[in-house]
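> Structure incoming, see below.
What follows draws every value from the coordinates through simple rules; no lab data is involved. These numbers were taken from a predicted model, which means no experiment stands behind them. Cβ atoms come from the backbone with ideal geometry, glycine included; neighbour counts cover every protein chain shown.
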């Protein structure tokens with residue numbers, strides 16, 4: 001997928017997250033923000049899969065287990081949602097682990113729990 005499309009989708013996720021946070025502010029559970037973001041993105045015609053299962057495999061292909069990405073946007077961007085006071089290094093590691101496990105390049109980490117929305121974009125180059 002072209003970089004222009006990725007940038008466009010990232011901008012839509014960012015703007016939609018900002019609008020959702022401006023309306024609901026901080027103080028809700030992650031699931032509320034997840035459902036709200038899915039609802040608003042789908043209203044814009046964006047293909048969003050919620051709690052999307054992704055298999056993690058060992059180097060020999062053995063399935064080690066599944067993780068569930070909060071959101072998968074247009075099959076090219078993984079979005080991890082948090083509702084905590086501040087983002088921590090383990091949240092970044094989680095997103096990068098998801099990208100590494102899937103072979104996908106683009107991830108977004110969004111924290112709705114702080115008074116100001118925190119949003120970070122990650123690119124995984126293998």
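> Could you let me know the centre-to-centre spacing of the range 1-46 and the range 80-118, using Cα atoms, in angstrom?
14 Å
> Of the labelled options (1) 46, 30, 26; (2) 46, 35, 28; (3) 47, 31, 21, which one gives Cα extents along the principal axes in Å as computed for this structure?
Step by step, Cα extents along the principal axes in Å for this structure corresponds to label (3).
> When only Cα pairs under 8 Å and 6 or more residues apart are kept, what is the percent relative contact order across the chain?
Averaging sequence separation for qualifying contacts and normalising by length gives 22 percent for the chain.
> Fewest first, what order do 43, 82, 7 take by the number of other Cβ atoms within 10 Å? Please report the intermediate quantities before stating the final value.
Values: 43 9, 82 20, 7 12.
The order, fewest Cβ neighbours first, is 43, 7, 82.
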